[in-house]
Amino acid sequence: MLTVDSPSVSQLDDPLRIAGRPFRSRLMTGTGKYRTLPEMQASVAASGCEIITVAVRRVQTQAPGHGGLVEALDWSRYWLLPNTAGCQTAEEAVRVARLGREMAKLLGQEDNTFVKLEVIPDSQYLLPDPLETLRAAEQLVAEGFAVLPYINADPLLARRLEEAGCVTVMPLGSPIGSGQGIRNAANIQIIIEQARVPVVVDAGIGTPSEAAQAMEMGADALLINTAIAQAQNPVSMATAMSLATTAGRLAYQAGRIPVRPTGQASSPTQGQVGRPA
């Protein structure tokens, strides 16, 4: 059986590199919305991920479901991606990012300057504010952060953020936690074609087929939380998402056949029995 740990897979798939740091897994996961901590621990392990995002504010305030979360994971094994979830302005996001950097140091990751930048004033659809995101990104880059900004699938904004020094761009497939899948495929495709930094599709993916779709488009990585945490069996879903991410990446590297308007025989038509040569 072929698994994500098989040499035949890992040798074909080149490492994901963010801010010069290599990662073998192209699936990032979160820690929220799990029913229990043991379920979260088992799901994270099953996903094969190396990068885990944690909401700094929720951990600080011991929000429901976040108590003991940081202590529940082995941070010598996982790379912390603090995120600024809950921030509505650039100023708030910068303050929380600084706290996240300190949290990483306390967990033994002295050189970790990563931050997932989220600036979301919209409480209904949870859509990120493009202007405040750009403002915060410029400030954080100036302070030495490796910024991974969560954005709408806006190719021009993605370009501006890359020019500002962000180490990835993270366009949403559809609203956070919606499970609507890839609703912005055309714009995400443009972002992928134009970006010189990794493109991480974040939010909205609900099934492994959607995860594979995003990777087949050429995305460099995925960040999936709700689809795993809220599945009836999160551990099985984490495994499925891991396999789908790998399969999608391999399919992208392999190169799909052209789409044709008519059928094309897969067997030669010459030399068949009963037919003239």
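The values are calculated or read from the model by the stated rules, or taken from the named source; none is laboratory data. Being a predicted model, the structure only gives us computed values, none of them experimental. Note that we place each Cβ from the backbone using ideal geometry, even for glycine, and neighbour counts take in every protein chain shown.
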Residues (touching a Leu at 6+ places or on another chain (Cβ under 8 Å), charged (D, E, K, R) and surrounded by fewer than 24 Cβ atoms within 10 Å (Cβ to Cβ)) located in the range 19-28
ARG24
Going through (1) of a type in the set (D, E, K, R); (2) crowded, with 17+ Cβ neighbours inside 10 Å; (3) without any contact (Cβ under 8 Å) to a residue 60 or more places away in the chain one by one, ASP111 fails only at (2)
Among the candidates GLY165, GLY173, GLY177, single out the residue that is out of contact with any Ser or Thr (no Cβ under 9 Å at 6 or more places or on another chain), assigned to a loop (DSSP other than H, G, I, E, B) and surrounded by fewer than 24 Cβ atoms within 10 Å (Cβ to Cβ).
GLY165
If we ask which residues in the range 230-240 are in contact with a helix residue (DSSP H, G or I) (Cβ under 7 Å, 6 or more places away or on another chain), over 25 Å from ASP14 (Cβ atoms) and either in contact (Cβ under 8 Å) with a residue 12 or more places away in the chain or of a type in the set (Ser, Thr, Tyr) (or both), their number turns out to be 3
Which condition from (1) surrounded by 17 or more Cβ atoms within 10 Å (Cβ to Cβ); (2) in contact (Cβ under 8 Å) with a residue 60 or more places away in the chain; (3) over 23 Å from ALA137 (Cβ atoms); (4) of a type in the set (A, V, I, L, M, F, W, C) is the one that ALA247 breaks?
(2)
So, first residue modelled with pLDDT of 70 or more in the range 62-81, second residue aromatic (Phe, Trp, Tyr), Cβ within less than 7 Å, six or more apart or across chains; the pairs are LEU81/PHE114
Mind checking which residues of the range 204-250 are among the hydroxyl-bearing types (Ser, Thr, Tyr) and farther than 11 Å from ILE182 by Cβ?
THR226, SER236, THR239, SER242, THR245, THR246
Kindly provide the set of residues from the range 180-192 that are without any contact (Cβ under 8 Å) to a residue 24 or more places away in the chain and assigned to a helix (DSSP H, G or I), ordered by number.
ALA186
Test VAL9 against the criterion of being among the aliphatic types (A, V, I, L, M), modelled with pLDDT under 95 and either closer than 23 Å to PRO128 by Cβ or crowded, with 20+ Cβ neighbours inside 10 Å (or both), and give yes or no.
no
Looking only at the range 200-227, filter to residues that are without any contact (Cβ under 8 Å) to a residue 40 or more places away in the chain and within 18 Å of LYS116 (Cβ to Cβ); which one of those is surrounded by the fewest Cβ atoms within 10 Å (Cβ to Cβ)?
GLY204
Scan the range 29-52 residue by residue and report those that are at positive phi and buried (at least 21 other Cβ atoms within 10 Å of the Cβ).
GLY48
